[in-house]
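Enquirer: Have a look at the structure that comes next, please.
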Amino acid sequence: MKTVEFQFDFGSPNAYLVHRVIPGIEARTGATFVYTPVLLGGLFKLTNNQSPMMAFSGIPKKLAYENLEMRRFIEKHAIPFTMNPHFPVNTLLMMRMATAAAIDGGLKEYADAAFRLMWETPAKMDDPAIVAAGLTAAGIGAERLMKRAQEDDVKQRLLATTEDAARRGAFGSPTFFLDGDIYFGKNTLRDIEERLSQ
């Protein structure tokens, strides 16, 4: 069975959109997507990259096209989406909690809930009280994960996965690795699925 590594940060709307279509690809191909939390802000610093909003701020037509392409993807896959009014959100706490869930178990359930809170019923997910309330309401053990997020093994793991992503060629989210080959962006899912189906 093939596996695809999916490097993600909850602050990326495109990572959320990918998260919503991955189950269909897994069902059609029999492959498994393995989620790897990386800190997007850290990855940007390591690779001298910027968010599209910053990078293309002086190119209005490019930003408009980026938004059009996103709307097309959302409509094609019938994905519920609401732009988070607090964007950009500092995701350090959420990504440390994701790392704790990756270490201790329960990452899939945590990722489902956190992505929904960011991009379906958008909340200010850099406010610890809001994070705790939203995740608890979703049935996630938020208190335990928030405590784990402050522990050294979790902090070091997130730092390590982010640095490793940069070393392997990643510069943003969503990034995928399949058989050692890198793919970037939600539109590469078509190429990934085609390769998985061969």
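Read-outs: derived from the displayed coordinates by stated rules, not from any lab. What you see is a predicted model; the values in this text were computed from it and never measured. A quick note on method: Cβ atoms are made from the backbone with ideal geometry, for glycine too, and the neighbour counts reach across all protein chains shown.
Enquirer: As a footprinting exposure proxy, order 53, 118 by other Cβ within 10 Å, with the fewest listed first.
Expert: Least crowded to most crowded, the residues run 53, 118.
Enquirer: Then there's this: Grab the other residues whose beta carbon is less than 12 angstrom from that of residue 47, score K and R as +1, D and E as -1, and report the net.
Expert: +2
Enquirer: Using the alpha-carbon centroid of each, what span in Å lies between the range 104-160 and the range 51-90?
Expert: Centre-to-centre (Cα) distance: 24 Å.
Enquirer: Let me ask another. Report for the range 3-197 the percent antiparallel among DSSP-assigned beta bridges with both residues inside it, nearest 5.
Expert: 55 percent
Enquirer: Could you give the alpha-carbon Rg of the range 47-198 over 2.2 N^0.38 Å, rounded to two decimals?
Expert: That works out to 1.14 for the range 47-198.
Enquirer: Tell me, 173, 51, 197, 12 in order of fewest to most beta-carbon neighbours within 10 Å?
Expert: The fewest-first ordering by Cβ neighbours comes to 197, 51, 12, 173.
Enquirer: What's the local net charge at residue 98, with K and R +1, D and E -1, over the other residues with C-beta under 15 Å away?
Expert: That sum, taken over residues with Cβ under 15 Å, equals 0.
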